[in-house]
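Please read the structure below before turning to the comments.
The values are calculated or read from the model by the stated rules, or taken from the named source; none is laboratory data. What you are looking at is a predicted structure, and each value in this text was computed from that prediction instead of being measured. We place every Cβ from the backbone using ideal geometry, glycine too, and count neighbours over all the protein chains shown. Quick note on the areas: whole protein, heavy atoms, side chains included, nothing else; ligands and nucleic acids left out. Shrake-Rupley method; radii C 1.70, N 1.55, O 1.52, S 1.80 Å.
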Amino acid sequence: MNREDLQNEEKNRVSFINSNNGMRYERCSGSGGGVAAADDTITVGFSQVGAESDWRTANTESMKSTFSEENGYELIFDDAQQKQENQLTAIRNFIQQEVDYILLAPVTETGWDTVLQEAKDADIPVIIVDRMVDVSDDSLYTTWIGTDSLLEGRKAAEWLNAYTTAKGIDAKDVNIVDIQGTIGSTAQIGRSKGLEEGVDNYGWNLLAQQSGEFTQAKGQEVMESMLKQYDNINVVYCENDNEAFGAIDAIEAAGKTVGSDIANGEIMVMSFDTTNAGLTDTLAGKIACDVECNPLHGPRAEELIKALEAGEEVEKLNYVDEEIFATDDTVDKVKAVNSLDEEGEYDVTPITQEIIDGRAY
């Protein structure tokens, strides 16, 4: 399936509209919106950021398939449409409905103290998914699962340094633009910082940074603007695959060539997420390096809920292991420091069709 198909694919959903605020909810139990959960059914309220990217779609589907009626759950799903105020309303509705657990994939890191205190007062455990929250008291949420976005950014920066060094490209000739994610989100903060550290460490030229809001359309718009402002761009650091798709379209529409041979006029595109469409572009040489951000959080969230149901303690932070894929074998390993200040060595895997075919997203 190509990236346009992924972006436009319609999902079969049962929806109902909350009459007070017009927000869209879905009951995913399969029993119909008005049927109460059985006594032994665990009810989970999930407030999702939105549907801005292929990664987000895969993340949503992972949650829906995990927290299904067949697995003993009733899932009340909320699409926040990229608005924090929608998430605040959704969480309060979950509290009123006396759900057993709340899953929250926050739009941004700040602004959660009051509503999470309300959930704590109602004795409803809150599991933060994907992006982190910045709160005054970390007891306001039970646990967090997701990626180390700062490590992702550092991996990408170390790959770029290793690649340009191997190709004999001087740091002063590396001219980068950064198409950032949603400003204030954990992924944006970590990935931007990883690049900025690389700029400081290696002396690259960071020409511009602007948010593409994690969408293909905005990524294309930002890239078009940057191409008009700068005629020496040779590296585009996109903070997710959908932005990369838009950037590639803009570069090619401007009559320029996307590729890794930046010493001879090509423009290198780097990305994050490793969606199926992103890795397909990596195989085609249009994305030089794609750092994984695994979206399949449903099974991990269920493991935590099962542990909590059994009265067990759970870790506060649950980082997931992730890979690095590249269009060729120029770089085979990188060393990078994670958010816990631990240095690790990470393999870089040259992408193949077999790898793409064997992946779940």
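When you go through Ala187, Ala166, Ala217 one by one, which is the residue that is touching a residue at least 40 places away in the same chain (Cβ under 8 Å) and open to solvent by 20 Å² or more (accessible area, probe 1.4 Å)?
Working: Ala187 fails: open to solvent by 20 Å² or more (accessible area, probe 1.4 Å); Ala217 fails: touching a residue at least 40 places away in the same chain (Cβ under 8 Å).
The match here is Ala166.
Output the residues belonging to region 88-115 that are open to solvent by 10 Å² or more (accessible area, probe 1.4 Å), part of a helix (DSSP H, G or I), of a type outside the set (Ser, Thr, Tyr) and under 19 Å from Val49 (Cα atoms).
Leu88, Arg92, Asn93, Ile95, Asp113
Considering each of Glu345, Glu323, Glu312 in turn, give the residue that is surrounded by fewer than 18 Cβ atoms within 10 Å (Cβ to Cβ), at pLDDT 95 or above and within 16 Å of the chain's Cα centre (by Cα). Please lay out each step first, then the result.
Numbers: Glu345 fails: within 16 Å of the chain's Cα centre (by Cα); Glu312 fails: within 16 Å of the chain's Cα centre (by Cα).
Selected residue: Glu323, the only one of Glu345, Glu323, Glu312 that is surrounded by fewer than 18 Cβ atoms within 10 Å (Cβ to Cβ), at pLDDT 95 or above and within 16 Å of the chain's Cα centre (by Cα).
Which count do you get for residues in region 229-249 that are touching a Ser or Thr at 6+ places or on another chain (Cβ under 9 Å), polar (S, T, N, Q) and either over 26 Å from Glu52 (Cα atoms) or not in a loop (DSSP other than H, G, I, E, B) (or both)?
So the count comes out to 1.
Quick check on this structure: which one of Glu118, Glu85 is without any contact (Cβ under 8 Å) to a residue 12 or more places away in the chain, surrounded by fewer than 23 Cβ atoms within 10 Å (Cβ to Cβ) and part of a helix (DSSP H, G or I)? Give the derivation first.
Values: Glu118 fails: without any contact (Cβ under 8 Å) to a residue 12 or more places away in the chain.
None of the other options fit; the residue is Glu85.
Could you identify the single residue in Glu74, Glu26 that is open to solvent by less than 60 Å² (accessible area, probe 1.4 Å), at pLDDT 95 or above and not β-branched (Val, Ile, Thr)? Outline the logic, then answer.
Working: Glu26 fails: at pLDDT 95 or above.
Every option except Glu74 fails the conditions.
So, of the residues in region 147-187 that are of a type in the set (S, T, N, Q) and out of contact with any helix residue (DSSP H, G or I) (no Cβ under 8 Å at 6 or more places or on another chain), which turns out to be farthest from Ile251 (Cα to Cα)? Steps first, please.
First, pick out the residues of region 147-187 that are of a type in the set (S, T, N, Q): 147, 149, 161, 164-165, 175, 180, 182, 185-186.
Retained after the next criterion (residues that are out of contact with any helix residue (DSSP H, G or I) (no Cβ under 8 Å at 6 or more places or on another chain)): 165, 175, 185.
Working: Thr165: 25, Asn175: 15, Ser185: 26 Å.
Per the criteria, the residue is Ser185.
Kindly provide the set of residues from region 284-309 that are closer than 18 Å to Tyr163 by Cβ and either over 21 Å from the mean Cα position of the chain (by Cα) or modelled with pLDDT under 95 (or both), ordered by number.
The first filter runs over region 284-309 and keeps only residues closer than 18 Å to Tyr163 by Cβ, leaving 284-292.
Those that are closer than 18 Å to Tyr163 by Cβ and either over 21 Å from the mean Cα position of the chain (by Cα) or modelled with pLDDT under 95 (or both): Ala284, Gly285.
Quick one: would you say Leu206 is open to solvent by 20 Å² or more (accessible area, probe 1.4 Å), of a type in the set (A, V, I, L, M) and touching a helix residue (DSSP H, G or I) at 6+ places or on another chain (Cβ under 9 Å)? Quick ask: steps written out before the conclusion?
Values: open to solvent by 20 Å² or more (accessible area, probe 1.4 Å): yes; of a type in the set (A, V, I, L, M): yes; touching a helix residue (DSSP H, G or I) at 6+ places or on another chain (Cβ under 9 Å): yes.
It is true that Leu206 is open to solvent by 20 Å² or more (accessible area, probe 1.4 Å), of a type in the set (A, V, I, L, M) and touching a helix residue (DSSP H, G or I) at 6+ places or on another chain (Cβ under 9 Å).
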